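The values are calculated or read from the model by the stated rules, or taken from the named source; none is laboratory data. Note that the structure is a prediction, hence the values are computed from the model and not measured. Cβ placement follows ideal geometry from the backbone for every residue including glycine, while neighbour counts extend to all protein chains displayed. Calculation scope for accessible area: heavy atoms of the full protein, side chains included, ligands and nucleic acids excluded. Shrake-Rupley method; radii C 1.70, N 1.55, O 1.52, S 1.80 Å.
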Amino acid sequence: GSNSLISTFLPDMQFFPCTQNYLVEYLNVPAVQQAIHANPTKWNWVSSILQYGPRSDTMVPLYQKFFREAPTWKILVFSGDGDAAVPYLSTQRWIECLKRPIKKDWRFWVHNQQVQGAVKDYHGLTMLTLKGCGHMVPYYCPEQAYVMFDRWINNVPF
């Protein structure tokens, strides 16, 4: 099967690339749908994107609502720079569409004397990348994800 090919050609790979299959199965469990207050539905993968309810092509209106209705929120949007499913450049584009004032422009963030990614602060929102991480950042890069989360929650600058 494909797992033998993976182990042959990528013996040090630390993740299983078909994790999304487990997510779909999990989300189709009636108790899970009830717990997350989803209408009974059949979740599936459509064009590599999990779909539920009406599809929105942009996050901009949602974040504009956050800024309007919860102006004191501190929002972090992060992206692995190795994410082929949702490239960080696409995330950066929709964030730029918000037209938020820039508080601190792009700079590297460092942990253990190593660059871990880049970060940019806007009024009310921070965008951060994680170097070498794929789509599911905590899964692919648990240490970087932990450091990012710990700094964010504890207001430690990047």
Counted residues, region 73-90 - those being more than 19 Å from His123 (Cα to Cα) and among the charged types (D, E, K, R): 2
Scope region 88-139; condition polar (S, T, N, Q) and free of Cβ contacts under 8 Å to residues at least 40 places away in the same chain; matching residues: Ser90, Thr91, Gln92, Asn112, Gln113, Gln114, Gln116
Hits in region 121-131 - residues which are part of a loop (DSSP other than H, G, I, E, B) and more than 10 Å from Ser79 (Cα to Cα): His123, Gly124
Residue count, region 97-120 (criterion: open to solvent by less than 20 Å² (accessible area, probe 1.4 Å) and not aliphatic (A, V, I, L, M)): 3
Which numbered condition His123 fails, given (1) open to solvent by less than 80 Å² (accessible area, probe 1.4 Å); (2) closer than 21 Å to Gln92 by Cα: (1)
Meets criteria (among the charged types (D, E, K, R), touching a helix residue (DSSP H, G or I) at 6+ places or on another chain (Cβ under 9 Å) and in a strand (DSSP E or B)) for Lys103: no
Helices (runs of 4 or more DSSP H) fully within region 1-74 counting 2 or more residues that are modelled with pLDDT of 80 or more and open to solvent by less than 90 Å² (accessible area, probe 1.4 Å): 30-35, 60-69
Some residue of region 140-155 being in contact (Cβ under 8 Å) with a residue 40 or more places away in the chain, closer than 17 Å to Met59 by Cβ and either assigned to a loop (DSSP other than H, G, I, E, B) or open to solvent by less than 20 Å² (accessible area, probe 1.4 Å) (or both): no
Index of the failed condition, Phe158 passing every other in (1) aromatic (Phe, Trp, Tyr); (2) closer than 19 Å to Pro61 by Cα; (3) open to solvent by less than 70 Å² (accessible area, probe 1.4 Å): (2)
